[in-house]
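Participant: Before anything else, here's the structure in question.
Please treat every number below as a calculation from the coordinates, not as lab data. Source: prediction; values computed, not measured. Every residue, glycine as well, gets a Cβ built from its backbone with ideal geometry; the counts of neighbours run over all protein chains shown.
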Amino acid sequence: MTRYLLLVILAMGVSLGATGLVLKRQITKNGAQAVQIEALQAAQERAAKQRKKDMALLARRAAENRAAARESASVRAALDAALHSNRKWADQPVPQEVQDVLAK
C-alpha cells in the first residue's frame with residue numbers, strides 16, 4: 001500500500017512540476033505578447049495622429065486648389081474678353097519671342 005501511495009505521490013509531483021513548467025512558459029509568452037501589444041497600440045496612436053495631420057493638410061490643399069481654379073477662371077475670362085474686344089490684334093500671330101517668355 002505504501003508503495004502505491006509513493007508512486008501516486010511521485011506521479012503527482014511529476015505532473016505538478018510539468019504543469020509548473022508549462023505555466024512558466026505561458027507567462028513568458030504572455031509577457032512577450034503584452035510588449036508586442038503595447039508597441040502596436042503606440043504605432044496605432046501615431047498613425048491616428050498622422051492621419052489627422054494628413055486630413056488637415058488635404059483640406060488646406062483642396063481649399064488652395066479651389067482658390068487657384070477660381071483665379072484661373074477669372075484670368076481666363078478676362079483674357080477672353082480682352083481678345084474679343086481687340087479682335088484685329090487677336091487674329092495676328094504671337095511673335096516667337098513673346099511665346100518663349102510666356103512659356104517660362
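Participant: When you check R70 against the structure, is it under 29 Å from the mean Cα position of the chain (by Cα), of a type outside the set (G, A, S) and part of a helix (DSSP H, G or I), yes or no?
Facilitator: Criteria not met by R70.
Participant: Please indicate, with yes or no, whether at least one residue in region 76-97 is of a type in the set (V, I, T) and either part of a helix (DSSP H, G or I) or in contact (Cβ under 8 Å) with a residue 24 or more places away in the chain (or both).
Facilitator: no
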